[in-house]
Amino acid sequence: MRDERVAVIAIDGPSGSGKGTISQLVARTAGWHFLDSGALYRLVALAASRAGVDVTQTAELARLASNLDVVFEPSKELEAVVVLSGENVSRAIRDEAIGVLASRVAVVPEVREALLDRQRAFAGAPGLVADGRDMGTAVFPAAGLKIFLTASAEERAARRYKQLKDKGESVSLAPLLADILARDERDSQRAVSPLKPAEDALVLDSTEMTIDEVQQRILEEARVRGLL
Ligand code: DC
C-alpha cells in the first residue's frame, strides 16, 4: 500500500520548461525519490512501436502499459538508466519520433489509467519529486507542494535547439518550435488529465530564470511548507 503521508513535490509543465533537469536536481539535493512520468509514456510508445501496435489499438496499448518490465537504475549522471526487459533504452526513448508517439499514446485514457498505480508506487520515504503533466492534478492530488513550471514556447524551442546542437545533431529552430506548439496543443487539449496547473499550484515562469534560481525557489517553497 502507498503511504499517503509520504511528502510529494509535484512538478508539472510543458516540454522544454526545464522541469526534467530541475526535478532531478531537487530530488538529488533533498535526497528524495524521483519519478520521471514522461519516461513511462515514452516507454509505452517505444513498446508499441516495436510491437507494431498503433494508437487506435487502445486495449493493446493499455496491456503494454500494465506489463512494462522497467527498471530505473541510478547512475552517476543526473538521469537514471532506463532498462526495459533487460535492454538499456535510455537513448531510444529520447528519440524525437518516440516523443511524438508518446504524446499520442498519452491521450488514451486506458493508458493513463494503466500507469496510475505504477506512478504512485514511486512515493516512498523520505519523499518523492514527481515530474510530469498531471502530477499535481491527477496522480498526486494531495502533494504538499505543486509547481507548474512554464517558459515561453520560443525559449523552450531555443533550449531544445541548443541541447540537440550540443549533442552534435543537425537541427533548425523552426521545426522544433512547430513541434513544441503542436505538442502543447495536444497535451493541453486532451480530454483526460490535460496539461494545466492544479488550482493550488505555484506557477513559475522560467523564461528569465537560471536552472539554479528555479531549483532554489522550489527548495525554499518546500521548506516554507515544512516538507524539508
Ligand atoms: O516529459 P516528456 O517529454 O518525456 O513526456 C513525453 C510525453 O508524455 C509528452 O508528450 C506528454 C506525455 N506525458 C503525459 O501526458 N503525462 C505525464 N505525466 C507525463 C508525460
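The values are calculated or read from the model by the stated rules, or taken from the named source; none is laboratory data. Just so you know, these numbers come straight off a predicted model, no measurement behind them. Here the Cβ positions follow ideal geometry from the backbone for every residue, glycine too, while neighbour counts run over all protein chains shown. Just so you know, the surface numbers come from the protein's heavy atoms only, side chains and all, with ligands and any DNA or RNA stripped out. Shrake-Rupley method; radii C 1.70, N 1.55, O 1.52, S 1.80 Å.
Pop out the carbon and sulfur fraction of the accessible area of region 151-228 as a percent, whole number, probe 1.4 Å. Kindly include the intermediate steps, with their values, before the conclusion.
Details: 2490 of 4750 Å².
Roughly 52 percent of what the probe reaches on region 151-228 is carbon or sulfur.
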Amide H neighbours of S152 under 5 Å, counting only residues 5+ apart in sequence or on other chains, H built in-plane at 1.01 Å? T207
The rounded separation in angstrom of the Cα centers of region 45-60 and region 70-137 is 16 Å
Say the dipole of the chain comes from +1 at the beta carbon of Lys and Arg and -1 at that of Asp and Glu; which of T58, P141, P194 then lies farthest toward its positive end? T58
Work out the charge dipole of the chain with +1 on the Cβ of Lys and Arg and -1 on the Cβ of Asp and Glu about the Cα centre, then indicate which of A80, V111, G13 is farthest towards its positive end. A80
Calculated from backbone phi, Karplus (6.51, -1.76, 1.60) coupling profile of region 66-78 in Hz, x at Gly/Pro: 5, 9, 4, 9, 10, 10, 9, 9, x, 9, 5, 6, 5
Determine the relative contact order of the chain: mean sequence separation of Cα pairs under 8 Å and six or more apart, normalised by residue count, in whole percent. 34 percent
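Between D200 and E110, what FRET efficiency comes out of the Förster formula 1/(1 + (r/R0)^6) with R0 = 22 Å and r the beta carbon distance, rounded to 0.05?
Approximately 0.20, to the nearest 0.05.
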Using a Förster radius of 35 Å, what is the FRET efficiency between A191 and K76 based on their Cβ-Cβ separation? Nearest 0.05, please. 0.30
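Divide the volume of the convex hull of the Cα atoms of region 160-228 by its number of residues and quote the answer in cubic angstrom per residue.
Convex hull volume per residue, Cα atoms: 141 Å³.
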The chain - accessible surface per residue (Å², probe 1.4 Å): 49 Å²
Distance cut-off 23 Å, percentage of C-alpha pairs in the chain lying past it: 46 percent
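Return the carbon/sulfur percentage of the accessible area of region 56-142, one whole number, probe 1.4 Å, all protein chains in place.
Of all accessible area on region 56-142, carbon and sulfur atoms account for 54 percent.
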Could you bin all the Cα-Cα distances of region 112-228 into 10 Å bins starting at 0 and give me the percent of pairs in each, rounded to whole numbers? 12, 34, 35, 18, 1
Once Rh for region 10-112 is found with the Kirkwood sum over Cα pairs, what is the Stokes-Einstein diffusion coefficient at 25 °C and 0.890 mPa s, in µm²/s? 172 µm²/s
Given region 1-70, what whole percent of its Cα pairs are spread farther than 19 Å? 51 percent
Determine the alpha carbon to alpha carbon distance for each of K19/K167; K76/K167; K76/K196; K146/K167 and list only those over 26 Å. K76/K196; K146/K167
Rounded to whole Hz, the Karplus (6.51, -1.76, 1.60) HN-Hα couplings of region 117-126, x for glycine and proline: 5, 4, 5, 5, 5, 6, 5, x, 5, x
